[in-house]
Amino acid sequence: MRQEMERFLLRGMVSDEVAAKNVEVTDKEIEAAYAEHSATMVRDGKKVPLAMVKEQIRAALRNEKGKKAIEAFIAEMRKKAKVTVNDAVLPKV
């Protein structure tokens, strides 16, 4: 349990560090996402104004970009890592 908690905390720290430094969302990206998904942004038969959903779109884009940044970081770390597979232990896992 302790090992899982340590992994969870480490993942959180890495994701905060990587995502926080590399993720910025521009107004143009927000406008493009709004235009792309405008058909789903309807309330009571009326299109929801961008001003009302701008911060929600920004958060969603930041989350998406953050995930991509973390995936890229992990991929880069895997390239640098030396991985050894212990075939004797593998079936027990």
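Below are the figures for this structure:
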read-out	value
Per residue accessible area of the chain, 1.4 Å probe, in Å²	88
Portion, in percent, of the accessible area of the chain that falls on carbon or sulfur, probe 1.4 Å	57
Cα-centred dipole magnitude for the chain, charges only on beta-carbon of K, R (+1) and D, E (-1), debye, nearest 20	220
Label point 7 Å beyond Cα of E17 along Cβ direction - residues of the range 45-82 with amide nitrogen under 13 Å	73-74, 77
Of the DSSP H helices in the chain, those whose Cα atoms cover at least 27 Å axially and whose Kyte score averages -1.0 or more	2-22, 50-80
Stretchable slack from K54 to E4, in nm (0.36 nm times residue separation minus alpha-carbon distance)	14.3 nm
Loop-located GluC sites (Glu not before Pro) in the range 12-65, at most 12 other Cβ atoms within 10 Å (DSSP)	E24
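The values are calculated or read from the model by the stated rules, or taken from the named source; none is laboratory data. Note that this is a predicted model, so its numbers are computed, not measured. As a convention, Cβ positions derive from the backbone with ideal geometry for all residues, glycine included, and neighbour counts pool all protein chains shown. For the accessible areas, the whole protein counts, side chains as well, though only heavy atoms, and no ligand, DNA or RNA atoms are used. Shrake-Rupley method; radii C 1.70, N 1.55, O 1.52, S 1.80 Å.
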